[in-house]
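Nothing in this text is a laboratory measurement; each read-out follows from the coordinates by a stated rule. Everything numeric in this text was worked out from a predicted model, so none of it was measured. Here Cβ is always computed from backbone atoms with ideal geometry, including for glycine, and neighbour counts include all displayed protein chains.
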Protein chains: 2
Amino acid sequence: MGEFELIDRYFKRPARQAPSGVALGIGDDCALLQPAPGTQIAISCDMLVEGRHFFADVDPANLGHKALAVNLSDLAACGAKPLAFTLALALPQAIEPWLAAFSRGLFALADAHGCELIGGDTTQGPLNICITVFGEVPVIDGRSQALLRSGARPGEDIYVSGTLGEARMALEALQGKLALPAPLLAQARTRLELPTPRVALGLALRGVASAAIDVSDGLLGDLGHILQASACGATIDTSIAIDLIAAHAYFEKAAGQAGREQQLAFVLAGGDDYELLFTAPASIRDAVEAASRASATPVTRIGRIETQPGLRLVDASGKPVSGRFASFDHFA
Amino acid sequence: MGEFELIDRYFKRPARQAPSGVALGIGDDCALLQPAPGTQIAISCDMLVEGRHFFADVDPANLGHKALAVNLSDLAACGAKPLAFTLALALPQAIEPWLAAFSRGLFALADAHGCELIGGDTTQGPLNICITVFGEVPVIDGRSQALLRSGARPGEDIYVSGTLGEARMALEALQGKLALPAPLLAQARTRLELPTPRVALGLALRGVASAAIDVSDGLLGDLGHILQASACGATIDTSIAIDLIAAHAYFEKAAGQAGREQQLAFVLAGGDDYELLFTAPASIRDAVEAASRASATPVTRIGRIETQPGLRLVDASGKPVSGRFASFDHFA
């Protein structure tokens with residue numbers, strides 16, 4: 001199968017109404033985006049490599065989903081509305097069932113978000129998936145409505161959406177480092193392989209959150225990016241954070257003190273969570289709650305931004321918690 | 001070296017005036033482009049894989065240049081003004097001299113075109129470079145000024161810029177399939193490793209060319225894309241085309257009939273040329289010449305668009321030329 005036939009068969013879709021904003025899609029040297037007046041284009045790019053970001057035997061439909069999901073998660077963290085994406089794909093060989101499943105998983109998520117494939121590249125090589133995604137952010141009175149990492153201020157609340165740590169639990173179970181009951185593994189694996197980008201929450205948080213980031217490297221590491229960009233510090237209440245793992249009942253039942261520490265580590269430094277971590281003034285907790293309800297996405301208040309630099313972990317009584325929770329770093 | 005340190009050291013650049021159009025660069029979940037009113041964003045994406053698009057021992061500075069050049073070439077083919085790009089880079093290891101040279105070559109070309117690195121991704125994996133590039137195209141009276149593949153009409157002239165075939169000569173020499181004198185190899189290798197994207201010509205051809213494409217897969221293959229998109233055919237005068245190879249003196253001296261056929265094959269189906277192939281009405285040859293002069297880029301008229309479908313090769317007397325010149329296809 002030639003490159004152009006591969007594109008035609010698996011990635012070019014029946015002619016249909018292009019979403020507003022896409023002036024020209026696949027098929028020329030460039031695609032053309034026509035942003036609506038008064039908007040900016042938010043752009044993000046993530047590359048997934050076999051053996052590093054996914055196992056060689058992963059279900060290709062899940063892989064198609066995840067490759068786009070991790071990019072949509074970056075749009076969500078900026079409060080951008082998904083518009084379009086490009087896909088560059090290096091494949092060792094063109095295996096038709098693999099391609100069919102991959103494109104099915106990819107387009108199912110793309111369609112759910114009205115996000116159009118507008119171009120890309122296919123080539124032979126070690127399996128590598130690089131997606132660049134484009135979203136729209138309004139500019140109101142000359143001010144971009146994008147949620148940035150740099151907007152957190154001392155005194156503000158820190159929130160995180162959904163639950164954390166299951167993706168890392170699944171990873172460690174699949175690597176043979178952790179024994180999990182089958183139903184729990186299946187549930188955790190869904191979080192690892194089919195993450196839900198929090199696009200609706202990101203949109204609902206425009207004008208509400210002061211700063212936001214998506215949790216891809218681990219809660220503490222990603223909070224560190226907000227603190228650095230915003231030049232402030234934070235305290236996290238671990239007595240609340242620890243139960244953000246969906247499997248908390250398992251840890252409570254199965255594990256003693258060591259288990260609780262492992263549980264906290266999964267939550268604070270798991271990675272691959274794709275939840276939104278954000279800050280907002282304490283005076284608008286109602287607005288945060290409304291954004292959570294409007295987007296049907298649970299959020300939990302886990303701490304507070306402070307003037308004092310650094311990141312402090314405390315227990316329910318406010319006492320410091322010790323422990324090293326290194327964040328995930330690709331070249332560490 | 002960690003991922004963030006790597007980005008800081010080699011890809012984050014001293015603060016300076018961001019080019020107009022870039023509202024936010026590297027460092028957040030997304031970059032933000034703010035297109036000028038009345039413009040579209042042209043987007044293209046190319047992935048380069050070791051062993052497929054470049055040799056493992058290529059000079060990393062040349063590789064940095066080429067990875068961006070092939071993307072700028074797509075902008076040129078659309079008549080888009082370079083604005084910004086994202087870079088996703090998978091590396092087996094973070095080798096500092098390699099990274100320093102790669103980023104030097106990359107940024108030298110980026111700076112020459114005022115094209116800002118606004119984001120991307122770095123990860124561990126088999127060497128893979130994926131760049132997505134963004135350019136600006138004006139919309140005048142509701143009409144995009146982008147040069148597309150679909151605008152060629154019967155009776156129009158076909159032009160190509162610069163020279164063709166040297167990149168393929170260099171490739172075959174480096175693969176041991178072709179013996180070249182050292183000075184000729186050096187010259188051809190420059191074309192292979194340091195292609196010049198024809199950005200100035202692309203801009204000058206806005207409002208002049210009816211269709212355009214960049215020659216990356218080979219002249220005939222890429223002309224085929226114009227013919228398909230424009231639903232017409234073409235005749236190419238091989239007596240003119242054959243001398244578009246810069247090394248024509250070598251072939252004339254060294255080779256008999258077989259050599260001349262090889263020479264023509266390099267020109268017509270070499271690939272990796274990154275010249276512009278375009279069409280324009282015969283009534284505006286003056287305007288094409290003016291665009292060529294304004295951009296200091298030579299162009300040669302090599303044929304004509306026709307109603308009859310298909311691609312015909314003729315000699316100086318108009319007689320059909322035989323021979324198979326298969327285009328380069330990554331999965332063929």
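Between copies, the label points at B:GLY38 (set 7 angstrom from Cα along Cα-to-Cβ) are spaced 2.0 nm, reported in nanometres from shortest to longest. Annotation: the antiparallel percentage among DSSP beta bridges lying fully within chain A is about 75. Scaled to the compact-protein estimate 2.2 N^0.38 Å, what is the alpha-carbon radius of gyration of chain B, rounded to two decimal places? It is 1.03. From the alpha carbon centroid of the range B:78-92 to that of the range B:219-290 is 28 Å.
A cut-off of 5 Å between modelled amide H atoms, ignoring neighbours fewer than 5 places along the same chain, links A:LEU147 with A:GLY79. Where both bridge residues fall in the range B:3-144, DSSP classifies roughly 75% of the beta bridges as antiparallel. The Rg/Rh ratio of the protein assembly as shown, with both radii computed over alpha carbons and Rh defined as the Kirkwood radius, is 1.02.
Cross-link partners of A:LYS319 among aspartates and glutamates, defined as those whose alpha carbon lies under 17 angstrom from its own and excluding same-chain residues fewer than eight positions apart: A:ASP237, A:GLU261, A:GLU306. Reducing the range A:152-171 and the range B:35-69 to their Cα centroids gives an inter-centroid distance of 36 Å.
Which log10 I(q)/I(0) values, to two decimals, does the range A:3-144 give at q = 0.11 Å⁻¹ under the Debye formula with one point per Cα? Taken in order of the listed q values, log10 I(q)/I(0) reads -0.40. With the label put 7 angstrom out from Cα along the Cα-to-Cβ vector, B:VAL139 ends up 1.5 nm from the copy partners, going from closest to farthest.
When B:LYS12, B:LYS66, A:LYS253 are arranged by Cβ crowding within 10 Å, least crowded first, meaning fewest neighbours, the order is A:LYS253, B:LYS12, B:LYS66. When chain B is treated as a GNM, springs tying every alpha-carbon pair under 10 Å, which of B:ARG153, B:ARG198, B:ARG52 comes out with the largest mean-square fluctuation? Of B:ARG153, B:ARG198, B:ARG52, the most mobile in the Gaussian network model is B:ARG52. Excluding same-chain neighbours fewer than eight residues apart, the lysines reachable from A:LYS12 by a Cα-Cα span under 22 Å are A:LYS66. Take the alpha carbon gyration tensor of the range B:83-207, find the square roots of its eigenvalues, order them as a ≥ b ≥ c, and report rounded if a/c is under 1.5; if not, report prolate when a/b exceeds b/c, else oblate. It comes out oblate by the Cα gyration axes.
Annotation: lysines with alpha-carbon distance below 20 angstrom to A:LYS177 (same-chain offsets under eight excluded): A:LYS253. Backbone phi angles across the range A:202-214, fed through the Karplus curve with coefficients 6.51, -1.76 and 1.60 (θ = phi - 60°), yield HN-Hα couplings of x, 5, 5, 8, 4, x, 10, 6, 8, 8, 7, 8, 9 Hz in residue order; Gly and Pro are listed as x. The string of couplings for the range A:112-117 from the Karplus curve (6.51, -1.76, 1.60, θ = phi - 60°) is 4, 10, x, 10, 9, 6 Hz, one whole number per residue in order, with x for Gly and Pro. Pairs of Cα atoms in the range B:149-314 fall into 5 Å distance bins, from 0 up to the last occupied one, in shares of 2, 9, 19, 21, 19, 14, 9, 5, 1, 0 percent. Mean separation of Cα pairs under 8 Å and 6 or more residues apart, divided by the residue count, gives chain B a relative contact order of 22 percent. Where only DSSP H runs of four or more residues are counted, the protein assembly as shown gives -10500 deg cm²/dmol as its mean residue ellipticity at 222 nm, each run worth -39500 (n - 2.57).
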